[in-house]
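Take a look at the structure below.
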Amino acid sequence: MMNIDSYTHVRGESVYLDDIPLVNGTLFASVFDSPVAHGKIKSLDIDAAMKMPGVVRIFTAADIPGENQIGGIIADEELLASTHVHFCGMPVALVVATSDEAAKAAVKKIKIEIDPLPVITDPREAKEKNELIIPPRTFQLGDTTAAWTQCDYIIEGSTATNGQEHLYIETQGAYAVPQENSAIRIYSSTQGPTQVQRTTARVLNIPMNFIEVDTTRLGGGFGGKEDQASAWGAMCALAAWHLKKPVKYSLHRMEDMRMTGKRHPYSSDFKIGLNKDYKIVAYEVTFFQNAGAAADLSPAVMERTLFHCTNSYFIPNVKATAYSCKTNLPPNTAFRGFGGPQGMFVIEAAIAEAAAALNVSPILIQQKNLLKTGDEFPYGQIAQSEANECWDKAVNLYDLQKLQQEVDAYNNNNKLSKKGLALMPICFGISFTKTLMNQARALVHVYTDGSVGVSTAGVEMGQGLNTKILQVAASIFSINPERIKVNTTNTYRVANTSPTAASASSDLNGKATEIACVAILQRLKEVAAEEFTADISSIEVKEDCVFVNGKQTDWSWNKLVQAAFVKRVSLSEHAHYAPPGIWFDTTKEKGHPFTYHVYGTAITTVTIDCLRGIYEVDSVKIVHDFGKSMNPIIDIGQCEGALVQGIGWMTMEEMLYDKEGKLKSNALSTYKVPDIYSVPKEITIHFLETEKENLAIFRSKAVGEPPLMYGIGAYFALFNAIKAFNPAANIPYDAPMTPEKVLMSLYPQTLKENK
Amino acid sequence: MDTTNKNEGRRDFLKKSTALAALTIASPALIKAGDNDEKIAAYFEKVPLELEINGQAYKLSVEPRVTLLDLLREQLGLTGTKKGCDHGQCGCCTVHVDGKRINSCLSLAVMSHGKKVTTIEGLAKGEELHPMQEAFMKHDGFQCGYCTPGQIMSAIGCIREGHANTAEDVREYMSGNICRCGAYPNIVDAIMEVKKGGKQL
């Protein structure tokens, strides 16, 4: 089924936050943010700004009636800085004016004096100074200390992965419209409407039931609007509440890039031990997560790094420790993969390093250690593995041997151009790792004309969630999909929503929708059973008609609905779904946190230009575990899109802060994301369809995040291509592998001599 | 630099220079009101603009600094054209001026005086979609949809310019339109299909 937003998308009629028609008298907001990464505010001068044309009012921390606090997991982040600033871009004041231009012009007139304090940008330095967001955590399996004695080879090393700007093409924003009795409606570009509602309630000191958050769709989220959309909602609401006027703030791209957090950069140390059969016996890893200046979602991201530290390998002895390090950067946040990719990069680097030391192909080590069903993850869950199935299928279907031979032949025949090939298996756990967040609700109404309205807790952001929700309702009721409308996500219709994140939203909201539709259908069948004096088990509703004992009756869906209404039978249902069987005990760091895992294998081939360091990704050939895809068009799109984003993170997207904590890659001109020209020339995706039961909606496995990690394969393919040119190259495990870094790795000697 | 003085300087300059011009071109009624410098400045800070947008003629009065993008979105309510970066780096705001694709965020509205502008809203004939719109639907050439209007306008321009003979060509000449969701393979397929269809766009 085609994406249900297709028609409005291609006509430019899809409504995003900045397209909502404005209420008369709407005012516009803009933030004055800190120019300094760390310091004590000495003075804030807003007088000149107040005199600017069109300025209505300027809000500071002193104007907050409730708690000046937006921290979700830990209360450590102010909405507007009161006494100290902790990162460049930290909001200090909110200017509200009669136009967007007037607000932005006035922001430039605000003057601030700050007594600087020491700035930390490096997570290892933060750890040394004991600047930690939460105490460190350690996941352990077996006993690594004892296991080292059983290892024939022990290899150690360090890695670094940089952050990543979300660059949702629709920037952050909110629009708050006051309602009667001091209630507020907030249109928000958020993945977490309830998070906006909760934060605003806290800031304004009003109950949550007075705050309606409504989201039609996002122009991209990728995790960046999971927690970090709340500030803008709360700010607009703060101004609207004081002024009794609608207030809108749609961030400029550069404001957005400067003020919001990104994917967490990590710095890591590893020690890996193997036996003579290339089995990994022991693995120790320490992660230093660059959390930025406040917790935001960092503790949860750090947790997922630990969950995925062994990727899709079984290692009997593991000790993984993670530190969430507090630095003076914007608080880093969720980004597709949520810490998982950072954990998986390190084990892949460890395997690459081991392979180089033992002079074998990393593919051999990868293959020998793939997870099997029944193996235990370091966190105690027992694997239901498809790792070998995906791997073997990829190797055979795409003829790995031939691909490798082609690469070798090319490299033998070309001096200044080299190819590299790498395999990247993935394993990603589905569910929020915080068990309580795994719940969702759906509200389904059947109207008397037979049409259906569905509201859920999920937010549509391009991932096709609403299409899948509609498919669920159409399938259960067995009616024409055109009779169903999926409505905006609204906290007045569906309350206490978990954010649309963790790849789990189709499962959670789809199942809630399924439960609601089944309940309504059951009542409708009772009506039909009475009418036809038949047993309810003999009643079926199929293709808009009522069937009794397999025979079509003259009752249509419409007639059935009308009959039920006349009999005063409820045509509405509000359903709740919480996946069973998941739990996690943080005191032991053991449990069964995931409803299931998603597996896959990608074979990536690249070509590098050994004179310039530039490169192309020739092909990525994937076998991906979809379970039983309920919408292959959408799922392929998710798979390709995640892959491209993962390749971007690993190759060209270079986020740069200077020592003073100022973002240098602060626009699209200085931060390169994959364009249509730089995506792989060939992407092939094979669906590994499995018949096994799982907890996914209609057995169609989650697909949002897992394929992002195929992008790690591009890094190691480039790594191997450099090795093909210069086998002695000592390539640091430092992602992204920009063309500049490729060039430096190709000619380390020249680099040394020039230093 | 103190931006206050700079802005005031600009306004003062306008008042003085336009007062002179006013003597020659403004209506007598306005010269009478010319005692009030502010009114004259305001008058001359807006310029007349006549253009055609999606087949409809407009007679407008706009500030010279207003971009075509802001004119479309903020003043005419044509919100199908999107603002992604406002610096000509993402391609979201692509529209056609006299049939050629441009970034409307990098173009001042006044530059389109006397010209024909086509936005995403002007492509379909009622319910009947433009072939490129059809192709994007058929090939799922989007995910979140935010960059889609710009992609479609740019894609039509790409074919008109003769830059869509091969998939390689399409990649090169569509590289100014960013899709962060990464729907690129499908976008290439959609454009190639329209190109092969051979319809005059």
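The values are calculated or read from the model by the stated rules, or taken from the named source; none is laboratory data. Source: prediction; values computed, not measured. Don't worry about glycine lacking a Cβ; one is built from the backbone with ideal geometry, like all the others, and counts go over all protein chains shown. Accessible surface areas use protein heavy atoms only, side chains included; no ligands, DNA or RNA. Shrake-Rupley method; radii C 1.70, N 1.55, O 1.52, S 1.80 Å.
Annotations
- Filtered by the rule that a residue be open to solvent by less than 30 Å² (accessible area, probe 1.4 Å) and either assigned to a strand (DSSP E or B) or within 7 Å of chain A (Cβ to nearest Cβ) (or both), the stretch B:82-99 gives B:G84, B:C85, B:C90, B:C92, B:T94, B:V95, B:H96, B:V97.
- Verdict on A:T601 being open to solvent by 20 Å² or more (accessible area, probe 1.4 Å) and among the polar types (S, T, N, Q): no
- Matching option when the condition is in contact with a helix residue (DSSP H, G or I) (Cβ under 8 Å, 6 or more places away or on another chain) and within 14 Å of chain B (Cβ to nearest Cβ), among A:G54, A:G72: A:G54
- A:K244 vs. criteria among the charged types (D, E, K, R), within 12 Å of A:L17 (Cβ to Cβ) and assigned by TED's automatic domain parsing to the domain that holds A:L17: no
- Qualifying residue in the stretch A:529-538 (condition: among the charged types (D, E, K, R), at pLDDT below 95, out of contact with any helix residue (DSSP H, G or I) (no Cβ under 6 Å at 6 or more places or on another chain) and exposed (fewer than 15 other Cβ atoms within 10 Å of the Cβ)): no
- Neighbours by Cβ (under 7 Å, 6+ apart or cross-chain): first from the stretch A:326-347, assigned to a loop (DSSP other than H, G, I, E, B); second surrounded by 24 or more Cβ atoms within 10 Å (Cβ to Cβ) and basic (K, R): A:N332/A:K262; A:N332/A:R263; A:F335/A:K262; A:F335/A:R263; A:F338/A:R304; A:G339/A:R304
- Selection within the stretch B:135-147 - more than 8 Å from chain A (Cβ to nearest Cβ) and in a helix (DSSP H, G or I): B:A135, B:K138
- Any hit, the stretch A:474-490, residues being outside the structural domain of A:Q638 (by TED's automatic domain parsing) and touching a His at 6+ places or on another chain (Cβ under 8 Å): no
Conditions tested, residue by residue: (1) within 14 Å of chain B (Cβ to nearest Cβ); (2) crowded, with 23+ Cβ neighbours inside 10 Å; (3) under 20 Å from A:A516 (Cα atoms).
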residue: A:N412; (1), (2), (3): no, no, no
residue: A:L416; (1), (2), (3): no, no, no
residue: A:C427; (1), (2), (3): no, yes, no
residue: A:T433; (1), (2), (3): no, yes, no
residue: A:R441; (1), (2), (3): no, yes, yes
residue: A:V446; (1), (2), (3): no, yes, yes
residue: A:G450; (1), (2), (3): no, no, yes
residue: A:T456; (1), (2), (3): no, yes, yes
residue: A:M461; (1), (2), (3): yes, yes, no
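- Candidates B:D86, B:D98: the one that is charged (D, E, K, R), touching a strand residue (DSSP E or B) at 6+ places or on another chain (Cβ under 7 Å) and not assigned by TED's automatic domain parsing to the domain that holds B:G150 is B:D98.
- Taking the numbered list (1) closer than 26 Å to A:L204 by Cβ; (2) open to solvent by less than 40 Å² (accessible area, probe 1.4 Å); (3) within 13 Å of chain B (Cβ to nearest Cβ) in turn, A:V10 passes all entries but (1).
- Test for B:H163: is it open to solvent by 20 Å² or more (accessible area, probe 1.4 Å) and within 11 Å of another protein chain (Cβ to nearest Cβ): no
- Qualifying residue in the stretch A:182-202 (condition: of a type in the set (A, V, I, L, M, F, W, C) and under 30 Å from A:A667 (Cβ atoms)): yes
- Residue count for the stretch A:492-510 under the criterion of being in a loop (DSSP other than H, G, I, E, B) and either closer than 14 Å to A:V454 by Cβ or open to solvent by 10 Å² or more (accessible area, probe 1.4 Å) (or both): the result is 11.
- Residue check for B:R65: under 30 Å from B:T119 (Cβ atoms), outside the structural domain of B:C179 (by TED's automatic domain parsing), within 29 Å of the chain's Cα centre (by Cα) and modelled with pLDDT under 95: yes
- Any pair with Cβ under 8 angstrom, 6 or more apart, that starts in the stretch B:107-124 at a residue that is in a strand (DSSP E or B) and ends at one that is open to solvent by 70 Å² or more (accessible area, probe 1.4 Å): B:L108/B:R65; B:K116/B:D98
- If you go through the stretch A:122-149 and keep only what is out of contact with any Gly (no Cβ under 6 Å at 6 or more places or on another chain) and hydrophobic (A, V, I, L, M, F, W, C), you end up with A:A126, A:L132, A:I133, A:I134, A:F139, A:L141, A:A146, A:A147.
- On the stretch given as the stretch A:184-197, residues that are under 21 Å from the mean Cα position of the chain (by Cα) and not hydroxyl-bearing (S, T, Y) total 6.
- Of all the listed residues (A:G192, A:G163, A:G142), the sole one being open to solvent by 50 Å² or more (accessible area, probe 1.4 Å) and not assigned by TED's automatic domain parsing to the domain that holds A:A291 is A:G142.
- Selection status of A:K109, of a type outside the set (A, V, I, L, M), within 24 Å of A:Y657 (Cα to Cα) and at pLDDT 95 or above: no
- Among helices (runs of 4 or more DSSP H) entirely within the stretch A:640-755, having at least 1 residues that are crowded, with 22+ Cβ neighbours inside 10 Å and at pLDDT 95 or above singles out A:712-725, A:739-746.
- From the options A:G380, A:G374, residue that is assigned by TED's automatic domain parsing to the domain that holds A:L306 and either farther than 27 Å from A:E589 by Cβ or touching a Lys or Arg at 6+ places or on another chain (Cβ under 7 Å) (or both): A:G380
- Residue in the stretch A:244-263 that is in a strand (DSSP E or B), open to solvent by 10 Å² or more (accessible area, probe 1.4 Å) and of a type in the set (A, V, I, L, M, F, W, C) present: no
- Residue within the stretch A:20-28 that is within 11 Å of chain B (Cβ to nearest Cβ), of a type outside the set (A, V, I, L, M), out of contact with any helix residue (DSSP H, G or I) (no Cβ under 6 Å at 6 or more places or on another chain) and within 30 Å of B:I156 (Cβ to Cβ) present: yes
- If only residues of the stretch A:16-52 that are surrounded by 18 or more Cβ atoms within 10 Å (Cβ to Cβ) and of a type in the set (G, A, S) are counted, the one that is farthest from the chain's Cα centre (by Cα) is A:A49.
- Scanning the stretch A:620-637 for residues that are open to solvent by 10 Å² or more (accessible area, probe 1.4 Å) and polar (S, T, N, Q) yields one hit, A:S629.
Per-residue answers, yes or no, for (1) touching a Phe, Trp or Tyr at 6+ places or on another chain (Cβ under 7 Å); (2) farther than 30 Å from A:I622 by Cβ; (3) assigned by TED's automatic domain parsing to the domain that holds A:F314:
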| residue | (1), (2), (3) |
| --- | --- |
| A:E514 | no, no, no |
| A:V518 | no, yes, no |
| A:K525 | no, yes, no |
| A:A529 | no, yes, no |
| A:V541 | yes, yes, no |
| A:N549 | no, yes, no |
| A:K559 | no, yes, no |
| A:V569 | no, yes, no |
